[in-house]
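Trainee: Dumping the structure here so I can ask a few things about it.
The values are calculated or read from the model by the stated rules, or taken from the named source; none is laboratory data. The model shown is predicted, which means the values in this text are computed figures rather than measured ones. Cβ placement follows ideal geometry from the backbone for every residue including glycine, while neighbour counts extend to all protein chains displayed.
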Amino acid sequence: MSDSLHPVLGQFFSNDSEGHVDVLLQNLATRQLSAGKVLFNAGDSADCVYLLLEGRVAVQRTIGIGDRTQVIALLDAGTVVGEAGIVAGRFRTTTVSAVMDSKLAVLSQQGLAELEQKLPSVYISMLKRIVSITSLRLQKSSERLALVL
């Protein structure tokens, strides 16, 4: 894993006095995604979580009219993608595709379980960051919904 990951991972471990980023790097792979390509589809098994290192992705949900979808969020570098399914052990509920060429770090479900067992403090730090991001997204969605109603 290259040093280019450290700035993004540093957001997850702002007080990294114990070298957590280096431990996390050992459990990550990278994935390149070209613009227009799908990262995962709604209904896919949630077997990993992604950290968006570069680029932008669109989160889409079906709207109930045939196969039509609606973009519900655009996510930029520095955020987590696909966290809901892996934390809850469920299937993907949205389809995510690259809006532009993107680079993602991939943390498998097995890698996450290893962090939980071997380094609980790293696991807890990661979960706190994921909860923080998810909470912010929920707040923003609620604000948008309030404007519509």
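Trainee: State which residue is nearest to the chain's Cα centre (by Cα) when the search covers only region 63-107 and only residues that are of a type in the set (D, E, K, R) and farther than 23 Å from Ser125 by Cα.
Mentor: Taking region 63-107 as the starting set, the residues that turn out to be of a type in the set (D, E, K, R) are 67-68, 76, 83, 90, 92, 101, 103.
Those left that are additionally farther than 23 Å from Ser125 by Cα: 67-68, 92, 101.
Values: Asp67: 24, Arg68: 24, Arg92: 12, Asp101: 16 Å.
Looking at the filtered set, the residue picked out is Arg92.
Trainee: Here are some conditions: (1) more than 26 Å from Pro7 (Cβ to Cβ); (2) in contact (Cβ under 8 Å) with a residue 24 or more places away in the chain; (3) surrounded by fewer than 16 Cβ atoms within 10 Å (Cβ to Cβ). Thr94 meets all but one. Which one does it not meet?
Mentor: It fails just one condition, (3).
Trainee: List the pairs whose first member sits in region 108-135 and is over 10 Å from Asn27 (Cβ atoms) and free of Cβ contacts under 8 Å to residues at least 60 places away in the same chain, whose second member is in a helix (DSSP H, G or I) and of a type in the set (Gly, Ala, Ser), and whose Cβ atoms are under 8 Å apart, counting only residues at least 6 apart or on separate chains?
Mentor: From residues that are over 10 Å from Asn27 (Cβ atoms) and free of Cβ contacts under 8 Å to residues at least 60 places away in the same chain, the pairs are Thr134/Ala84.
Trainee: Restricting attention to region 96-123, and to residues there that are of a type in the set (Ser, Thr, Tyr) and not in a helix (DSSP H, G or I), which single residue is farthest from Ser34 (Cα to Cα)?
Mentor: If we filter region 96-123 for residues that are of a type in the set (Ser, Thr, Tyr), which is where we start, we get 97, 102, 108, 121, 123.
So of that shortlist, the ones also not in a helix (DSSP H, G or I) come out as 97, 102, 108.
Values: Ser97: 9, Ser102: 6, Ser108: 21 Å.
Ranking the qualifying residues of region 96-123, first place goes to Ser108.
Trainee: Surrounded by fewer than 14 Cβ atoms within 10 Å (Cβ to Cβ), at pLDDT below 90 and among the polar types (S, T, N, Q) - does that describe any residue in region 124-133? If you could, list the steps in order and put the result at the bottom.
Mentor: Just the residues of region 124-133 that are surrounded by fewer than 14 Cβ atoms within 10 Å (Cβ to Cβ), to begin with: 124, 128, 131-132.
Next, only the ones that are at pLDDT below 90 stay: 124, 128, 131-132.
After this cut, where a residue has to be among the polar types (S, T, N, Q) as well, the list is 132.
Checked region 124-133: at least one residue is surrounded by fewer than 14 Cβ atoms within 10 Å (Cβ to Cβ), at pLDDT below 90 and among the polar types (S, T, N, Q).
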